[in-house]
Amino acid sequence: MRKLSILATSVALLVSVSVAKEIKVGAVMPMSGPLAAYGQTTYDGIVLAQKLQPTLKNGDTVKLVLVDNKGDKVETATSTTRLISSDKVTAILGALTSTNTAQVIAIADKKQIPVIAPAATNDKLTMRRSFANRVCFADSFQGKVVANYALKDLGLKTAVVIVDQAQVYSLGLSKAFKKAFEKGGGKVIKKLKITSGDKDFKAIVSQIKTMNPDFIFLPLYHPEASMIARQSKQIGLNKPMFSGDGVANQTFIDLGGKAVEGYMFTDFFDYSAPPTQKSKDFIAAYSKETGKNELNSFTALGADTYFLLVDAMNRCSDPSDSICVNKEIKASKGFEGVSGIINMDKTGNATRSAVIKVITNGKAIYKTTVNP
């Protein structure tokens, strides 16, 4: 009788093992190139999240398939096509910038593969795209946060905006800021255009100095924003500067040096003010894994893309059913993430809080949280 019992247990184990399968999840990240600082820190969060939760409730394992898009639009398209056609992924996490994420979504949407973007904030990304999702806030919210804080908390009434005409992120955020700032009684004196990769901003900062605005809004990524800050200080332009999440990394501070002291920006999360228990637990795990306590917001967002995806997969009878997974992602309400509480809607957008930080003594210091 005991032998029969052992045999039955062994058969049950064999059946269990045979049923469990490997679910592939793609990640399109700029691991090299000018945007590598974002890609590497974001992917760190995805990897640690997968290490903490490598299997689904039904026993299936999750395998990450990373492709480096080098921050390039063409590479992004190639990477996305490969993940869907060759690697047969169930979902894709990425790609970070709004321009590249739009490329991922355009391809994945046709193949009915859900995409969860960690930090692509352009409002138009999810429009008319059934399989597009994001865990970050959109620029319409971020623009209001900057405008209202400048007007109400800092008493700044006039602004010059510097826009990167090559980045949909910059164009969208500048538009949202201008609308909210002027609605609140502020005035945008001038909108000046630059292009990603530019290095000489002497003419622009000289022009701004002549205009004498209360502050400068720079909806840019860190390479250009840091150089503008440096060149501004070189000519004695010492106006307050404010950016969005495009400068939310240590590389910006390292590049800007003393020129970015007092620089303000919006972000998604701050490790010194963990919003949830999951935040605290993940920070502890990150500290144990890396020896560092300062968890970057992009790392937190990367983790949230993974945890939200796994949570959605666990609500599907077949976790590899991309249509069900996409439906459950959009149905996520009150999701406790590392970066905060996330409420998804049917369009794939997240309602969530923002934080404001200021650079002080070479560190990004938490100022306040702004709820939607």
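Rule-based calculations on the coordinates, nothing more; no lab input. Just so it is clear, the model here is predicted, and its values are computed rather than measured. Cβ placement follows ideal geometry from the backbone for every residue including glycine, while neighbour counts extend to all protein chains displayed.
With a 10 Å cut-off between alpha carbons and a GNM built on the chain, which of D267, D153, D44 moves the most?
D153
Determine the calculated [θ] at 222 nm for the chain from helices alone, applying -39500 (n - 2.57) to every DSSP H run no shorter than 4 residues and normalising by the residue count; nearest 500 deg cm²/dmol.
Computed mean residue ellipticity for the chain: -13500 deg cm²/dmol.
Please arrange M127, M344 by counting, for each residue, the other beta carbons lying within 10 Å of its beta carbon, fewest first.
In increasing order of surrounding Cβ atoms, one gets M127, M344.
Can you list residues whose amide H is under 5 Å from V338's amide H, if they're 5+ apart or on another chain and H is modeled 1.01 Å from N?
D304
When the Karplus curve 6.51 cos²θ - 1.76 cosθ + 1.60 is applied with θ = phi - 60°, which whole-Hz ³J(HN,Hα) does each residue of segment 329-342 get, with x for Gly and Pro?
Each residue of segment 329-342 in turn: 4, 5, 8, 5, 10, x, 5, 7, x, 5, 8, x, 7, 10 Hz.
³J(HN,Hα) across segment 289-295 via Karplus (A = 6.51, B = -1.76, C = 1.60, θ = phi - 60°), whole Hz, x for Gly/Pro?
Karplus values, whole Hz, x for Gly and Pro: 6, 10, x, 10, 9, 7, 7.
Got a sec? How would L125, L301 order by Cβ neighbour count within 10 Å, fewest to most?
Going from least to most buried by this count: L125, L301.
What angle do you read, to the nearest 10 degrees and between 0 and 90, between the alpha-carbon axis of helix 297-313 and the longest principal axis of the chain?
For helix 297-313, the angle is close to 30 degrees.
Enumerate the whole-percent occupancy of each 5 Å bin, from 0 to the last occupied one, for all C-alpha pair distances of segment 207-309.
2, 11, 20, 19, 15, 12, 9, 6, 4, 2, 0
As I understand it, the value is the acute angle between the Cα axis of helix 2-19 and the longest principal axis of the Cα atoms of the chain; what does it come to in degrees, rounded to 10?
The helix 2-19 is inclined about 40 degrees to the chain.
Can you work out D for the chain in µm² s⁻¹ from Stokes-Einstein, where Rh is the Kirkwood radius over C-alpha pairs, the temperature is 20 °C and the viscosity is 1.002 mPa s?
In µm²/s, the coefficient is 101.
Three principal axis extents, largest first, for the C-alpha atoms of segment 140-267, in Å?
Principal-axis extents of segment 140-267 (Cα, largest first): 33, 28, 24 Å.
What shape does segment 31-179 take by its C-alpha gyration tensor, where a ≥ b ≥ c are the square roots of the eigenvalues and a/c under 1.5 counts as rounded, a/b above b/c as prolate, and the rest as oblate?
In terms of gyration-tensor shape, prolate.
Taking the Cα centroid of segment 163-227 and of segment 237-276, what is the distance between the two, rounded to the nearest whole Å?
16
Return the ratio Rg/(2.2 N^0.38 Å) for segment 121-167, where Rg is computed over Cα atoms only.
This ratio for segment 121-167 stands at 1.48.
Using the Karplus curve 6.51 cos²θ - 1.76 cosθ + 1.60 with θ = phi - 60°, work out ³J(HN,Hα) for each residue of segment 49-60 in order, rounded to whole Hz, and write x for Gly and Pro.
4, 5, 5, 6, 9, x, 10, 8, 4, 8, x, 5
By its C-alpha gyration tensor, with a ≥ b ≥ c as the square roots of the eigenvalues, how is segment 252-372 shaped: rounded for a/c under 1.5, else prolate for a/b larger than b/c, else oblate?
Since a/c reaches 1.5 and a/b is larger than b/c, the shape of segment 252-372 is classed as prolate.
Could you work out how far helix 139-148 tilts from the main Cα principal axis of the chain, as a 0 to 90 degree angle to the nearest 10?
So the inclination is approximately 40 degrees.
If each residue's Cβ is checked for other Cβ atoms within 10 Å, how do S86, S98, S287, S226 rank with the fewest at the top?
S86, S287, S226, S98
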